[in-house]
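Quick notes on the structure that follows.
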Amino acid sequence: MRSALILRLLLAQVVALTTIAVAPDAAAAACWPDRVNNGASYFAGTGRTPSAFPRGVRSNIEVYEPYTFRSSEVTAWTMLHRGGTKWSQVGWWQNDDGFLNETRWNFIQWTDANGNYFTRFYSPSTIGSSPKYQVMYDTMRVEWSWSVNGVILHAAPAHWRPETVQIQGETHTRADQMPGGYNARVTMKESHFIVDGGSTWLFINTAAGVTDSTIHGANKVNAEWYEIWDRACSA
Amino acid sequence: MLSLKVTGRRYTVTALLGCVLLMMSGPGIAAPSQYDSVLLTEEDLKAHGLNLQAVSGKDSPAVSAEDAAATAQSILGIAARPADTFRILASAMPGLTPQTAWLVLFEGGALPPSRGPAGSENEFKPRYTGVLIDDRSGKLVYWFEGGSVSP
């Protein structure tokens, strides 16, 4: 009798520990989307190819703490680019170390014309804040510069000229949460671009879009305000 | 200065160069006078926007190269030994006065935070990870990565 009771207690502990081990840590994530990992990249936001070469893009992107699958990462950023391997961007980044420990940074990333990429990491912005993430292409100095809230993080030589602007949230598996929930959408306000020879920042004013509309959402609130979210999450 | 920590990132370290070059100007320690990393050349550093300046004549570092390397490993959350360690002059951000720092270099790294523009499908080969440690305070200035990208 006594040994049966001990066995039941031990089994109860094993069940409890097993349950704790497989459930996501709710305190560390806004929402667990409960989707299978597939290792594919997903985007939500907007982009535009202006009629004149762009020389700058900016947006006040809300810093969010999404659920990040093991060893994956979630980002949100502004970007100038010229096709698949030529881009220059700044944004926030959240990474999982493989043990459900999340670390966050602001980051910049760019490529040259020879197939090399460069990434730098800086202290993160506060969750819930909406810093202005801005990328500039200086046509005279032929140089990139990246800033957060007007503070220039870095400047480096540019080796190609941008044609397109993008403002996106990005995940690297279906199992990640796209930043935001349908009742707490991540905002991208004051989304503007400026063209070569222009002196005025212009509204992006293009349609919002997502890679997979069955799991993510994106909405254009007005010409300069966008929002993105994960359909599996309310907050 | 930053004192934040990255823990446990995946790394695709493929091999160690097996050679740690130290440039220290403390008493009793040999001091190579030139930056000559094979992993990350001076041209590579310029592409990163990091233009080297001479450190000769600067005060001796308060932090040793070994301690800087240990800090770098802790920040990155890795156990791999550095491929190279050099003392350089660097600015944390444009416009700031250059400061002496330890540049700790590791071969390889994790995949970059972003895979590029929406709609692109790129392949990445991380080649190096660098960490700049203030040689007076021992704190992180910034860290960086790089490699090759192809469609």
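The values are calculated or read from the model by the stated rules, or taken from the named source; none is laboratory data. Keep in mind it's a predicted model, so treat the numbers as computed, not measured. Because the Cβ atoms are built from the backbone with ideal geometry, glycine has one as well, and the counts that use them run over all protein chains shown. The accessibility values were calculated without ligands, DNA or RNA, using every heavy atom of the protein model including side chains. Shrake-Rupley method; radii C 1.70, N 1.55, O 1.52, S 1.80 Å.
Whether any residue in segment B:128-139 is at the interface with chain A (Cβ under 8 Å from one of its Cβ atoms), closer than 23 Å to A:Thr85 by Cα and either buried (at least 17 other Cβ atoms within 10 Å of the Cβ) or at pLDDT 95 or above (or both) is what I want to check.
First, pick out the residues of segment B:128-139 that are at the interface with chain A (Cβ under 8 Å from one of its Cβ atoms): none.
No; the residues of segment B:128-139 include none that is at the interface with chain A (Cβ under 8 Å from one of its Cβ atoms), closer than 23 Å to A:Thr85 by Cα and either buried (at least 17 other Cβ atoms within 10 Å of the Cβ) or at pLDDT 95 or above (or both).
Each row is one residue, and each column tells you yes or no for (1) in contact with a Phe, Trp or Tyr (Cβ under 9 Å, 6 or more places away or on another chain); (2) of a type outside the set (A, V, I, L, M, F, W, C); (3) at negative phi; (4) outside any strand (DSSP E or B).
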residue	(1), (2), (3), (4)
B:Val104	yes, no, yes, no
B:Gly116	yes, yes, no, yes
B:Gly119	yes, yes, no, yes
B:Pro126	yes, yes, yes, no
B:Gly130	yes, yes, yes, no
B:Ile133	yes, no, yes, no
B:Ser137	no, yes, yes, yes
B:Val141	no, no, yes, no
B:Glu145	yes, yes, yes, no
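What is the residue count in segment A:130-147 for residues that are open to solvent by 40 Å² or more (accessible area, probe 1.4 Å) and within 16 Å of the chain's Cα centre (by Cα)? Break it down into steps so the answer makes sense when it comes.
Restricting attention to segment A:130-147, the residues satisfying the condition of being open to solvent by 40 Å² or more (accessible area, probe 1.4 Å) are A:130, A:132, A:138-143.
With the extra rule that they be within 16 Å of the chain's Cα centre (by Cα), the set shrinks to A:130, A:132.
Number of matching residues: 2.
Select, from B:Ala54, B:Ala72, B:Ala62, the only residue that is modelled with pLDDT under 90 and over 27 Å from A:Leu80 (Cβ atoms). Talk me through it step by step, then tell me what you get.
Working: B:Ala72 fails: modelled with pLDDT under 90; B:Ala62 fails: modelled with pLDDT under 90.
On inspection, the qualifying residue turns out to be B:Ala54.
Any residue that is buried (at least 21 other Cβ atoms within 10 Å of the Cβ) and not acidic (Asp, Glu) - is there at least one of those in segment A:206-213?
Yes.
Can B:Asp44 be described as within 14 Å of chain A (Cβ to nearest Cβ) and of a type outside the set (Val, Ile, Thr)?
Criteria met by B:Asp44.
Restricting to segment A:68-88, and then to whatever is within 19 Å of A:Val36 (Cα to Cα) and small (Gly, Ala, Ser), can you tell me which residue is most open to solvent (accessible area, probe 1.4 Å)?
A:Ser71
Checking the structure you have, find out if any residue of segment A:154-175 is open to solvent by less than 30 Å² (accessible area, probe 1.4 Å) and charged (D, E, K, R).
yes
Which one is nearest to A:Ala155 (Cα to Cα) among residues in segment B:70-99 that are free of Cβ contacts under 8 Å to residues at least 40 places away in the same chain and outside any loop (DSSP other than H, G, I, E, B)? Walk me through how you get there before you give the answer.
Of all residues in segment B:70-99, those free of Cβ contacts under 8 Å to residues at least 40 places away in the same chain come to B:70, B:73, B:79, B:89, B:91, B:93-97.
From the residues that got through so far, the ones that are outside any loop (DSSP other than H, G, I, E, B) too are B:70, B:73, B:89.
Numbers: B:Ala70: 29, B:Gln73: 27, B:Leu89: 17 Å.
Looking at the filtered set, the residue picked out is B:Leu89.
Identify, please: which residue in segment A:100-129 is β-branched (Val, Ile, Thr) and within 10 Å of chain B (Cβ to nearest Cβ) and is, among those, farthest from the chain's Cα centre (by Cα)?
Filtering segment A:100-129 for residues β-branched (Val, Ile, Thr) gives A:103, A:108, A:111, A:119, A:126-127.
Right, trim to within 10 Å of chain B (Cβ to nearest Cβ) and you get A:103, A:108, A:111, A:119.
Values: A:Thr103: 14, A:Ile108: 12, A:Thr111: 18, A:Thr119: 15 Å.
Selected residue: A:Thr111.
One residue is enough: does segment B:141-148 have a residue meeting the conditions within 10 Å of another protein chain (Cβ to nearest Cβ) and acidic (Asp, Glu)?
So far as segment B:141-148 goes, yes, one or more of its residues are within 10 Å of another protein chain (Cβ to nearest Cβ) and acidic (Asp, Glu).
Restricting attention to segment A:202-222, does a residue exist that is closer than 19 Å to A:Tyr64 by Cα and of a type in the set (Ser, Thr, Tyr)?
no
Yes/no per residue for (1) of a type outside the set (D, E, K, R); (2) in a strand (DSSP E or B); (3) over 25 Å from A:Tyr137 (Cβ atoms):
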site	(1), (2), (3)
A:Glu190	no, yes, no
A:Ile194	yes, yes, no
A:Ser199	yes, no, no
A:Ala207	yes, no, no
A:Asp212	no, no, yes
A:Gly217	yes, yes, yes
A:Val221	yes, yes, yes
A:Glu227	no, yes, yes
A:Ala232	yes, no, yes
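Look through A:Gly180, A:Gly150 and report the one residue that is at pLDDT 95 or above and open to solvent by 20 Å² or more (accessible area, probe 1.4 Å).
After ruling out the rest, the residue left standing is A:Gly150.
What's the total number of residues in segment A:39-67 that are of a type outside the set (Ser, Thr, Tyr), open to solvent by 10 Å² or more (accessible area, probe 1.4 Å) and more than 14 Å from every other protein chain (Cβ to nearest Cβ)?
8
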